[in-house]
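Visitor: There's a structure below that I have some questions on.
The values are calculated or read from the model by the stated rules, or taken from the named source; none is laboratory data. Please read these numbers as outputs of a predicted model, since none were measured by experiment. Quick reminder, even Gly has a Cβ in these numbers, built from the backbone with ideal geometry, and neighbours come from all protein chains shown. Heavy atoms of the whole protein, side chains included, go into the accessibility calculation; ligands, DNA and RNA do not. Shrake-Rupley method; radii C 1.70, N 1.55, O 1.52, S 1.80 Å.
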Amino acid sequence: MTLPKTPQRLLSLDFMRGLIMIFLVLESTQLYEHLFELSEGHRIQFFFLQFFHHPWNGLRFWDLIQPGFMLMAGTAMAYSLHHQQQMGMTWNQSFFKTLKRSGWLFFWGVLDYAVRPQGLSFELWDVLTQLSFTTLVAFLIFRWSYSTQIIFSLALLVLTEILYRFTHIPGFDQPFIDQHNFGNYVDLILMGKINRGGWVAINCIPTAAHTIWGVLAGKLLLSEKLGSEKVKRLMIAGVAALIIGYGVDITITPIIKRIATSSFVFASGGWCLLGLGLSYWWIDINDHRKHLQFFTIVGTNSLFIYLFIEIVASRWFNGYIGALTNGLMSMINVPTSLMAVITSMTLFVLEWKMCQFLFRKRIFFKV
């Protein structure tokens, strides 16, 4: 596939990254919880339910956030590595650059969970620790052919099926039962504990497929094919993945986000590919860029805002601002439910303004 010498910036990628981060920032302010409670007894509550992870077998909108994040990381990697090749960087130089990035992602992912009120904790469930693994895997096979990379990603899903179905470890031999599957067993070995929510660290193995598919999508978008042909291929791939994912769900393996089953990887990957294709068609082909900066301001500093909401906001900032806004609103007898929503939106505006300040000063946090 022929690639252009000087690829244009993929605005749809900036938009999707920013959209995902805005969803995460709003989630960190507990806005979805407040709206869910306010809508109790109304049909619209089903809509707000989509902003919470499915408890086990099923797929909600919020279950697509991490796959989208990892697929976008793969797409960005394709653009970054292509640029490095154009700059004359050798494979070794790119490898050490990627290895360093993976190391920092792992460090920040561990730090995110490390500091707890009861002391230090070592946990590997953060999306950044997962991304550190999937990034390195996607880089190592980056120069393989399209078909070989696809086969490798499918092999990761087959490996996951084998590990869950055929290891037969006493007490952990029920592949799709929470607290009794192979992923829980690996966590017990790695961290000495099992996540009460059912999340497992070896999700990084099957979800590496998301990053690999993102790389392949990035290569496609970098090519000199017609824009309509690029969109067509993304849409076909997305629909095919959805058919496989939901088909496997009702026949062989249930869709479970918390242990990233193969059916979940296919179904979530399919939705993300469709989202990327639609965004590319709307923004990069049809040139609809109005109000795009609202999202790109956050997307261009995704690492900063993610670490801020996870480490600073959750431990101090949200509580401090909440005490201030709630205290002021209580003086004028604002209803408690409305007070909570206003506080959440205040937090969002302040955090968006932080990203805007960094954007204007051209300060971008990267690893």
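Visitor: Output the residue which, of all residues in segment 31-59 that are touching a residue at least 60 places away in the same chain (Cβ under 8 Å) and surrounded by fewer than 15 Cβ atoms within 10 Å (Cβ to Cβ), is nearest to THR253 (Cα to Cα).
Guide: So the residue we want is GLY58.
Visitor: Test ILE311 against the stated conditions and say whether it is of a type in the set (Val, Ile, Thr), crowded, with 17+ Cβ neighbours inside 10 Å and modelled with pLDDT of 90 or more.
Guide: yes
Visitor: Quick test of your reading of the structure: VAL186 fulfils all but one of (1) within 20 Å of GLN149 (Cβ to Cβ); (2) open to solvent by 10 Å² or more (accessible area, probe 1.4 Å). Name the failing condition by number.
Guide: All conditions are met except number (1).
Visitor: Does segment 260-268 contain at least one residue that is surrounded by 15 or more Cβ atoms within 10 Å (Cβ to Cβ) and at pLDDT below 95?
Guide: no
Residue-wise test of (1) crowded, with 16+ Cβ neighbours inside 10 Å; (2) touching a strand residue (DSSP E or B) at 6+ places or on another chain (Cβ under 9 Å); (3) without any contact (Cβ under 8 Å) to a residue 60 or more places away in the chain; (4) among the β-branched types (Val, Ile, Thr).
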residue: ARG315; (1), (2), (3), (4): no, yes, no, no
residue: ILE321; (1), (2), (3), (4): yes, no, yes, yes
residue: SER330; (1), (2), (3), (4): no, no, yes, no
residue: MET339; (1), (2), (3), (4): yes, no, yes, no
residue: VAL349; (1), (2), (3), (4): no, no, yes, yes
residue: PHE365; (1), (2), (3), (4): no, no, no, no
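Visitor: Return the only residue of SER279, SER302 being touching a Lys or Arg at 6+ places or on another chain (Cβ under 8 Å) and either open to solvent by 20 Å² or more (accessible area, probe 1.4 Å) or of a type in the set (S, T, N, Q) (or both).
Guide: One residue alone meets the criteria, SER302.
Visitor: Mind listing whichever residues of segment 115-141 are surrounded by 15 or more Cβ atoms within 10 Å (Cβ to Cβ) and farther than 20 Å from VAL186 by Cβ?
Guide: THR135, ALA138, PHE139, ILE141
Visitor: I'd like the full set of residues that are more than 19 Å from ILE65 (Cβ to Cβ), among the aliphatic types (A, V, I, L, M) and either in a helix (DSSP H, G or I) or without any contact (Cβ under 8 Å) to a residue 12 or more places away in the chain (or both), limited to segment 192-211.
Guide: Those that are more than 19 Å from ILE65 (Cβ to Cβ), among the aliphatic types (A, V, I, L, M) and either in a helix (DSSP H, G or I) or without any contact (Cβ under 8 Å) to a residue 12 or more places away in the chain (or both): ILE202, ILE205.
Visitor: Can you list the helices (runs of 4 or more DSSP H) lying wholly within segment 5-87 that have 1 or more residues being in contact with an Asp or Glu (Cβ under 8 Å, 6 or more places away or on another chain)?
Guide: Ranges flagged: 11-28.
Visitor: Now, a different point. With the condition kept exactly as written, say whether any residue in segment 102-111 is over 21 Å from THR211 (Cβ atoms), open to solvent by 40 Å² or more (accessible area, probe 1.4 Å) and assigned to a loop (DSSP other than H, G, I, E, B).
Guide: Within segment 102-111, none of the residues are over 21 Å from THR211 (Cβ atoms), open to solvent by 40 Å² or more (accessible area, probe 1.4 Å) and assigned to a loop (DSSP other than H, G, I, E, B).
Visitor: Open to solvent by less than 20 Å² (accessible area, probe 1.4 Å) and either over 28 Å from VAL200 (Cα atoms) or outside any loop (DSSP other than H, G, I, E, B) (or both), is that true of GLY218?
Guide: So GLY218 passes the test.
Visitor: Separate question: Count, please, the residues in segment 311-367 that happen to be β-branched (Val, Ile, Thr) and not in a helix (DSSP H, G or I).
Guide: 4
Visitor: Hey, can you tell me all the residues within segment 306-353 that are out of contact with any Leu (no Cβ under 8 Å at 6 or more places or on another chain) and either within 20 Å of VAL127 (Cβ to Cβ) or among the aromatic types (Phe, Trp, Tyr) (or both)?
Guide: Once the filter is applied, which keeps residues that are out of contact with any Leu (no Cβ under 8 Å at 6 or more places or on another chain) and either within 20 Å of VAL127 (Cβ to Cβ) or among the aromatic types (Phe, Trp, Tyr) (or both), segment 306-353 yields LEU307, PHE308, GLU310, VAL312, SER314, ARG315, TRP316, TYR320, GLU351, TRP352.
Visitor: Collect the residues in segment 236-259 that are closer than 26 Å to GLY18 by Cβ and open to solvent by 60 Å² or more (accessible area, probe 1.4 Å), keeping them in residue-number order.
Guide: VAL239
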